[in-house]
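Just below is one structure, and these are the notes that go with it.
Read-outs throughout are calculated quantities, based only on the coordinates presented, and are distinct from any laboratory measurement. The shown structure was predicted, so the numbers you read here are calculated from the model rather than taken from an experiment. Methodologically, a virtual Cβ is constructed for each residue, glycine included, from the backbone with ideal geometry; neighbour enumeration extends over all protein chains shown.
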Amino acid sequence: MFLNELNYPVDRIKGIGTETLKDLKNLGILDIKSLLKHYPIRWEDRLTSSPISSGKSTGFVNTLVKVIEHSYIGFGSKKTLKVLVQDKTGYLSLICFGRNFLEKKLPIGEYFYIYGSNIQYKFSELQCSSFEFEKYIPDTEPKQFNKLLPIYKLSGKLTQHNLRKFIYSSLVLYGEHVTTELPRSILDKYNLIDKNRALEYIHFPMDHKILSIAKKTLIYEELFHLQLITGKKVINRDVKPKTKKQLSTKLQERLINKLPFDLTKDQKAAIEDIIRDLNSTKRMNRLVQGDVGSGKTLVALLSAIPIIESGGQVALMAPTELLAKQHSEKAYELLHSVGIRTAFISGNIKSSSRKILLTELEQGNIDLIIGTHALFTQDVIYKKLDLIIVDEQHRFGVKQRMSLKDKGDNPDILLMTATPIPRTLTLTLFGDLDVSTIKTMPVGRKPIETHLSRIGNEEKVYDFIFKELIKGRQVYFVYPLIEQSEKMNLKDAQSMYENLQKIFSSYKVALIHSKVSEEDKENSMNDFNSGKIDILVATSVVEVGVDVPNATVMVIEHAERFGLSALHQLRGRVGRGNHQSYCFLIYSNLLTDDGKKRLMTMKNTNDGFIISQEDLKLRGPGDIAGIKQSGFMQFSIANLVRDIDIIELAREDAFKLLKDDPGLLSQENSSLRELYSVAPPFSSNFITLG
């Protein structure tokens, strides 16, 4: 029986009653399989001796001691037992706060195993108030010592002792009979062990070596299944071939030659990747990822030209109307001179205009249409949709992207993201996509200087801004809230807009946020772009797509309230011209450790890929990819940052297996075939991005 088939209620285990059941449920433990997959968060080393003499420097002891004497410290209700113990290297006083009953359990002259932590030198002696012990019985193996002891995440009134007992019982009753999932050849290749042994040794290892083997086995197995799922998606993606093309790139080359600048090396490579995919018999499923301002949109628009030249249509979908409108304006500016017909669609277009636009689209008189989710509504019909471009793809759900895909006959898909994704996450999250990465920035771009400032020191920031405004530059102020909140003591965009108008009274200040109408938002952005507005006060609505080369200062107040990705995207709104640009991250006194790490990461680097790697450490993969649905990428034991080497091995092995035996029909793969039939290792939405 496979581990995932052990759906028996957890209260089958002796000792688990109604109250314990509630505590286990809070840990996500509902059945035997989830109990066995509740892996230790660490292992306490009671195998390696650590004598009293080393306690002062190490902070803990693990040794055999003799009880020497009992005494008491304090008076009245605070009277506390002190037990003096000795091993071969020295003395230690056990301070028994609230445990005076230990006088009888630790009698003078008897020997005990003891594990103590937080050892401190006080009052001319070594003291320990946090300790566990077990009576020494000659020629008898102790129950809680001379081993690696698992430490689990707890809930409610659960204790480590009880949880260990429940897991041990489930291993004896069920774990022993669990079927191994991986092919024998893979186990032998990496010196891995059978599933039942791996489960036993991950919870109750005999030594460090066997623990390491058990961890490696279970981590590899989990990542192998992930890569197998990914490989199957690749196979399914390529099932329906398309007609091989030989697209003309003459018009594309003509436009590239007319550009007032040279494309970067990475932009050229990305365009070559895309053209090769478009000419292939396999449907393109490519992700173009690049840092903020690296020129992904230009790559996408140039790549669309050969499709349009061949008589096909292209749809470009953006997550916000503001960004879609800007893409539309850029596309018209770039493409209309070579006769390419572009159009913009949104839910706010009047019905009469919309009807005309939809008729033109259906008749093929529009080559490139740009919009938001309005692109895949029921009344939108394309004559020949051959290419779909999705910008900031992680902001769309899978169903939304599939709805647009269904508008064409097996169209090619090009996804773009300005949130660089670490290689580890790319291999797992986007394993069924081909990836082009744009790292080189356009010539002339200067690194943005990032400064940290505590709330209360804004005057210095304002003085600096005045100097930039005098030079004719423009400034962003970004806030976490639109309006004041009774629940959160944070600055808000509306109040600060009014305040900044007084501080910078000689300059034009505007406000945009999600509650501002699209028309007013567009007018403000146009005025800011043309230089009529000097200071733009906003929320994170300006996080993507806003491109104003003359804007040189980004001020983000309560920066600790924003994630790393959002901070990097907001900072990327400046530094788009040849002028030196600056970002001020203003933070409050209520700064968490994670908040400090985020701000220091921003101060120390402008590299979006490094920032994304740090973001992955602080957040889960679903968050960084913009996907937060239940069950998404929730590993039991694997870790995308720590286990990169195993990810790569598992990917190579899984893809080779599928190449040799795509139906898992061989005898060696029979366990895998049965597993995926009766008890798939992951839920269907574990990775759903295709």
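A few points about this structure:
- Under the combined filter of DSSP loop state and at most 10 neighbouring Cβ atoms within 10 Å, the range 87-192 retains these chymotrypsin sites (Phe, Trp or Tyr not before Pro): Phe101, Phe123.
- With K and R counted +1 and D and E -1, the other residues having a Cβ less than 14 Å from that of Gly577 yield a net charge of +4.
- DSSP-defined beta bridges in the chain - what % are antiparallel, rounded to 5: 40 percent
- Look at the dipole of the chain built from charges on Cβ: of Thr243, Ser485, Ile13, the Cα furthest out on the positive end belongs to Ile13.
- Residues whose amide H falls under 5 Å from that of Asp607, counting only those 5 or more places apart or on a different chain, are absent, with hydrogens built in the peptide plane.
- Cα-based reach from Lys78 at 25 Å (exclusive), listing lysines while leaving out same-chain residues under 8 positions away: Lys104, Lys105, Lys122
- Prolate/oblate/rounded call for the range 129-177, Cα gyration tensor, a/c under 1.5 rounded: oblate
- Our helix-only sum for the chain, with -39,500 (n - 2.57) per DSSP H run of n ≥ 4 divided by its residues, gives a mean residue ellipticity at 222 nm of -11500 deg cm²/dmol.
- Cβ charges +1 (Lys, Arg) and -1 (Asp, Glu), total dipole of the range 225-276, debye: 340 debye
- Extension gain, Tyr111 to Ala269: 0.36 nm times the residue separation minus the Cα-Cα distance gives 49.7 nm.
- Simple point charges give the picture: +1 on the Cβ of Lys and Arg, -1 on the Cβ of Asp and Glu, and for the chain a dipole about the Cα centre of about 520 debye.
- Ranked for footprinting exposure by Cβ neighbours inside 10 Å, fewest first, Thr417, Thr552 give Thr417, Thr552.
- For the range 531-612, size of Cβ-based charge dipole, Lys and Arg +1, Asp and Glu -1, in debye: 80 debye
- Phi to ³J(HN,Hα) by Karplus 6.51 cos²θ - 1.76 cosθ + 1.60 over the range 292-301, Hz, x for Gly, Pro: 4, x, 7, x, 5, 4, 4, 4, 5, 5
- 14 Å beta-carbon shell around Met1, net charge (K/R +1, D/E -1): -4
- Considering only Ser581, Gln569, Ser540, and ranking their Cα positions along the charge dipole of the range 449-605 that arises from unit charges at the beta-carbon of Lys, Arg, Asp and Glu, the one farthest toward the positive end is Ser581.
- Cα-based shape type of the range 48-146, given that a ≥ b ≥ c are square roots of the gyration tensor eigenvalues and the cut on a/c is 1.5: oblate
- The range 148-187: trypsin sites (Lys or Arg not before Pro) falling in loop per DSSP and having at most 10 other Cβ within 10 Å: Lys157
- Here His70, His225 are placed in order of increasing Cβ neighbour count within 10 Å, fewest first, which gives His70, His225.
- For the range 55-100, the square roots a ≥ b ≥ c of the C-alpha gyration tensor eigenvalues yield an a/c of 1.5 or more together with a/b exceeding b/c, which makes the shape prolate.
- Which labelled figure in [x] 36; [y] 43; [z] 46 is percent of Cα pairs over 41 Å apart, once derived from the coordinates: [z]
- Approximate spin-label separation Ile610-Ile68, in nm, with each point projected 7 Å along Cα-to-Cβ: 5.4 nm
- Anchor Lys330: lysines whose Cα lies under 19 Å away (excluding residues fewer than 8 positions away in-chain): Lys258, Lys296, Lys521
- Once the chain from Arg445 to Lys383 is taken as fully extended at 0.36 nm per residue, the excess over their C-alpha distance is 18.2 nm.
- Projected label distance in nm at Lys617 and Tyr8, using a 7 Å step from Cα toward the beta-carbon: 4.3 nm
- Options Val172, Cys128, Gly156, ranked by Cα towards positive dipole end of the range 119-215, top entry (Cβ charges): Gly156
- DSSP loop GluC sites (Glu not before Pro) with at most 11 other Cβ within 10 Å excluded, longest remaining stretch of the chain: 1-482
- Taking every DSSP bridge with both residues inside the range 48-146, close to 95 percent are antiparallel.
- Here each label is just a point 7 Å from Cα along the line to Cβ, and for Lys189 and Leu154 those points are 4.2 nm apart.
- According to the Cα-based calculation, Rg over Rh for the range 450-583 is 0.92, with Rh computed by the Kirkwood formula.
- Computed over the range 109-267, the Cα gyration tensor eigenvalues convert (square root of 5λ each) into semi-axes of 57, 27, 14 Å, ordered from largest to smallest.
- For the pair Thr179 and Asp593, a Förster radius of 35 Å applied to the C-beta separation gives a FRET efficiency near 0.25, rounded to the nearest 0.05.
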